[in-house]
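This structure is in structure tokens; I'll ask about it shortly.
The values are calculated or read from the model by the stated rules, or taken from the named source; none is laboratory data. Predicted model only: the values in this text are computed from it and were never measured. Note: ideal-geometry Cβ built from the backbone for every residue, glycine included; neighbour counts use all protein chains shown.
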Amino acid sequence: MMEHPEKEACIQNQQTDQTLAVRLLPFQRKLVAALLKLLDSPQVAPYIDMPVNEKSLTELAEHSTVLEHFGLGAYRVIGVHHSKTFDHTRNACLDPRSFLQIAGLIGFTRPEVFEDTAVLGTWLGESFQGKGINSLAKRDMLQLAFANPDITRVIWMVEQTNIRAIRASRKLPYTIETETIAEQDQPLWRYKKWYEFKTGLSVAVFQVTRAAFFADTIKSGR
């Protein structure tokens, strides 16, 4: 079973002096209703590779506990705290628990087609996009994924029509966009084809290795 201490990361908006503290929360059934309101929208739902309804989200919350227990994946609800107070000396929020909002869902699984690879998914409500929340949530979730010694690579698929998500992925310093999949990487090629068949959409593939992620973590001091 993977363990992950509750932690937060902050973004400060210099124009409004508003600080956002991003915190990954356990995916519990009590959060399903808030998530459903956020994700069941024309701007978000088409890019989620599962039915967006109360039943499917409840089942996913319950399934997440089993996945994490056996080291096969994990899901977290992305929470955002709004604060007017920022400690510049520690680059951290003060009193970050104020004004908690549910911003989205993030998680990874380990499909059987791969031996050492996890597949990541991130879904943010439209009003929370473009604020830097994606990068902070991904960094924290990747730390959780790579805490499993059997995972050396994490990939995610982004629909070619989802321009905002593609741009966000390209900004991550530790990420490589896989323009062409090498013939020897048959598991990734098969998974991409299956995903495109399932969704009916062409996708871009992004990946990050354990080495690249932790090298960037050390370089950035995070």
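Scan the range 109-117 and tell me whether some residue there is assigned to a helix (DSSP H, G or I) and surrounded by fewer than 17 Cβ atoms within 10 Å (Cβ to Cβ). Quick ask: steps written out before the conclusion?
Within the range 109-117, the subset assigned to a helix (DSSP H, G or I) is none.
No, because not a single residue in the range 109-117 is assigned to a helix (DSSP H, G or I) and surrounded by fewer than 17 Cβ atoms within 10 Å (Cβ to Cβ).
Now, a different point. If only one of ASP150, ASP140, ASP185 is within 27 Å of VAL32 (Cβ to Cβ) and of a type outside the set (Phe, Trp, Tyr), which one is it?
None of the other options fit; the residue is ASP140.
Taking the range 49-84, which residues are touching a Lys or Arg at 6+ places or on another chain (Cβ under 8 Å) and part of a helix (DSSP H, G or I)?
THR58, ALA61, GLU62
Output the residues belonging to the range 22-62 that are more than 11 Å from TRP123 (Cβ to Cβ) and within 14 Å of the chain's Cα centre (by Cα).
VAL22, ARG23, LEU24, LEU25, PRO26, PHE27
Taking interchain pairs and intrachain pairs at least six residues apart, which have beta carbon atoms under 6 angstrom, with the first residue in the range 138-164 and in contact (Cβ under 8 Å) with a residue 60 or more places away in the chain and the second part of a loop (DSSP other than H, G, I, E, B) and surrounded by 20 or more Cβ atoms within 10 Å (Cβ to Cβ)?
Partner pairs satisfying both residue conditions: ALA145/ILE151.
A follow-up question, please. Return the total of residues in the range 15-48 being farther than 15 Å from GLN129 by Cβ and either at pLDDT 90 or above or not in a strand (DSSP E or B) (or both).
Taking the range 15-48 as the starting set, the residues that turn out to be farther than 15 Å from GLN129 by Cβ are 15-19, 21, 23-37, 40.
When the remaining residues are screened for being either at pLDDT 90 or above or not in a strand (DSSP E or B) (or both), the result is 15-17, 24-37, 40.
Qualifying residue count for the region: 18.
Another question, if that's okay. Out of contact with any Pro (no Cβ under 6 Å at 6 or more places or on another chain), surrounded by 11 or more Cβ atoms within 10 Å (Cβ to Cβ), modelled with pLDDT under 90 and not charged (D, E, K, R) - does that describe any residue in the range 168-181?
Looking for residues that are out of contact with any Pro (no Cβ under 6 Å at 6 or more places or on another chain), surrounded by 11 or more Cβ atoms within 10 Å (Cβ to Cβ), modelled with pLDDT under 90 and not charged (D, E, K, R), one finds at least one in the range 168-181, hence yes.
Take the residues of the range 129-151 that are part of a helix (DSSP H, G or I) and of a type outside the set (A, V, I, L, M, F, W, C): which is farthest from ARG167 (Cα to Cα)? Walk me through it before giving the result.
First pass over the range 129-151, keeping only residues part of a helix (DSSP H, G or I): 133-146.
Filter once more, keeping what is of a type outside the set (A, V, I, L, M, F, W, C): 134-135, 138-140, 143.
Numbers: ASN134: 11, SER135: 11, LYS138: 14, ARG139: 16, ASP140: 19, GLN143: 22 Å.
Restricting to residues being part of a helix (DSSP H, G or I) and of a type outside the set (A, V, I, L, M, F, W, C), the top hit is GLN143.
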